[in-house]
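Trainee: First the structure, then my questions, so here it is.
Laboratory data are not the source of any read-out in this text; all were calculated from the coordinates shown. Bear in mind that the values here come from a model prediction, so they are computed numbers and not experimental data. For neighbour counting, all protein chains shown are included, and Cβ atoms are generated from backbone atoms with ideal geometry for every residue, glycine included.
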Amino acid sequence: MSADDPDSVAFQDQPISQLLVKVAARCNIDCSYCYWFRDAAVYDKPKLMSDEVLHRLLQRIEEHVANHSLIDFPIILHGGEPLLWGMDNFHRMAEACEAISSRTSCEIPIAVTTNGVLIDDEWLDCFEARNISVAISLDGPAHIHDLHRRTFQGTGTHAAVERAARRLASRDIGVSALSVCNPAYPPKQYVEFFAECGIANYDIMIPDATVDESPSSVASFYNGLFDLWLEANRSKPTVNIRIITDMITALLGNNSPTEGVGYKPVELCTVMTDGSVEAHDVLRIAGDGFTRTVFNIFDHAIDEVRTEPRWKAARDASINLCEKCRQCKFMNACGGGYLPHRFSRKNGYDNPSVYCDDLYSMFENMQSVLERHLYVSKAGGERLGVREALARA
Ligand code: SF4
Ligand code: SF4
């Protein structure tokens, strides 16, 4: 499907399919690259979600899944640092979602994204008992992680976070790690570190930047990461590196499950600590209340945010690509890059990603390697490389 294909209308009228819930609007550490605190508007919000907001949110969740007959409605608890909300609230939220699930037959898996500093045995018990999966922010080994992820006093947080990651991996908890790529270091250092921690499921995300910035090139990092991923999974699946599997999924013509890769609408909705509803959280990268809408869960159903101009503008921008992307052979796989990376003060989202050259090189490299590794089995047992099979078709 292309951006000007009439079938793109099929992207419309999908109910909000997952919710990002900001249960804490402050953080206990001070990462230098944090997009959340780039937007001064976050300080206008209450520090923590109140009982009253939680109560109303749960009603809205039940109303939403019932009205749209959803079978699955993931909720991601986020911050700031969500563990600041407190363990009792996690138990209450999870218990209430279990009750909604049993009344509506809609699965409501809960995940939390945390910096991991506060995780102790009690938190591990809570996650395990409530089946809450945990994504821990961990930028690989200490000399990379501690460059950016520091306390307010300026000391590194790596020791505490690594300890938490290892303990999570040792329990019956769905755990993944979220790293930000630092292209000054080889990908091998990340891959070896996570293998050593026992974490087989992780992402190494492209650093946030808008078109108004000049971030370092990341292509050679990711091309190297792809080689390592291929090597590790050569005989059997051993490691899932999300950005790599998502790019391959998209290259093979399927929908990648995450929003950063592929051509599809970004439909995420964020509920803030005061119950206001905002557009895609990471668009905060554009600064100064950029995601703010006049919607809130007291007065509006969750899905009503779809008619809100700023939410709609971000959603429409995610599928209305610029001219260069529309002409690109990787348009469907790349989708113009991650939406925030397409923003400029001058053109809004009408730009290719600030990482366009890198993305092109990454997709091209992946495609050529996959063509060498993928075979089509013919009826007589003959195996043809994908390129040859296509040429004969
Ligand atoms: S842990 Fe997350 S919210 Fe807190 S400062 Fe770091 S990036 Fe920002
Ligand atoms: S590689 Fe560049 S031109 Fe192609 S779709 Fe991605 S951002 Fe657009």
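Trainee: Between residue 371 and residue 41, what is the spin-label point distance in nm, taking each point 7 Å from the Cα along the Cα→C-beta axis?
Mentor: 4.5 nm
Trainee: May I ask you to evaluate 6.51 cos²θ - 1.76 cosθ + 1.60, the Karplus curve with θ = phi - 60°, for each residue of the stretch 95-107 and list the ³J(HN,Hα) values in order in whole Hz, giving x for glycine and proline?
Mentor: Rounded to whole hertz, the list is 4, 5, 5, 4, 5, 4, 4, 6, 7, 10, 6, 9, 5.
Trainee: When all alpha-carbon pairs of the stretch 214-283 are counted, what percent fall beyond 19 Å? Kindly include the intermediate steps, with their values, before the conclusion.
Mentor: Numbers: 1301 of 2415 pairs.
Tail of P(r) above 19 Å: 54 percent of Cα pairs.
Trainee: Modelling each spin label as a point 7 Å along the Cα-to-Cβ direction, I'd like the residue 378/residue 316 distance in nm, to one decimal.
Mentor: Each label point is offset 7 Å from its Cα along the Cβ direction, giving 5.1 nm.
Trainee: Highest mean first, what order results for 22-30, 115-123 on Cβ atoms within 10 Å? Show your work: numbers first, answer last.
Mentor: Details: 22-30: 20.3, 115-123: 17.8.
By packing density, highest mean first, the sequence is 22-30, 115-123.
Trainee: Same structure again: Sequence-distant or interchain residues sharing an amide H contact under 5 Å with residue 27, placed H: which?
Mentor: 81
Trainee: May I ask you to compute the full-extension gain from residue 72 to residue 152, defined as 0.36 nm times their residue separation minus their alpha-carbon distance, rounded to one decimal in nm? Spell out each step's value before the answer.
Mentor: Values: separation 80, 0.36 × 80 = 28.80 nm, distance 3.86 nm.
Separation in residues times 0.36 nm, less the Cα-Cα distance, equals 24.9 nm.
Trainee: Using DSSP, restrict attention to beta bridges with both residues in the stretch 16-342 and report what percent are antiparallel, rounded to the nearest 5.
Mentor: Numbers: 5 of 30 bridges.
Taking every DSSP beta bridge with both residues in the stretch 16-342, the antiparallel ones total about 15 percent.
Trainee: Pop out the ³J(HN,Hα) list for the stretch 208-223 in order, Karplus 6.51 cos²θ - 1.76 cosθ + 1.60 with θ = phi - 60°, rounded to Hz; leave Gly and Pro as x.
Mentor: 5, 6, 9, 5, 6, 10, 10, x, 5, 5, 10, 4, 5, 4, 6, 5
Trainee: Sticking to Cα atoms, compute the Rg of the chain to one decimal and its Dmax as the biggest Cα-Cα distance, whole number, in Å.
Mentor: 21.3, 68
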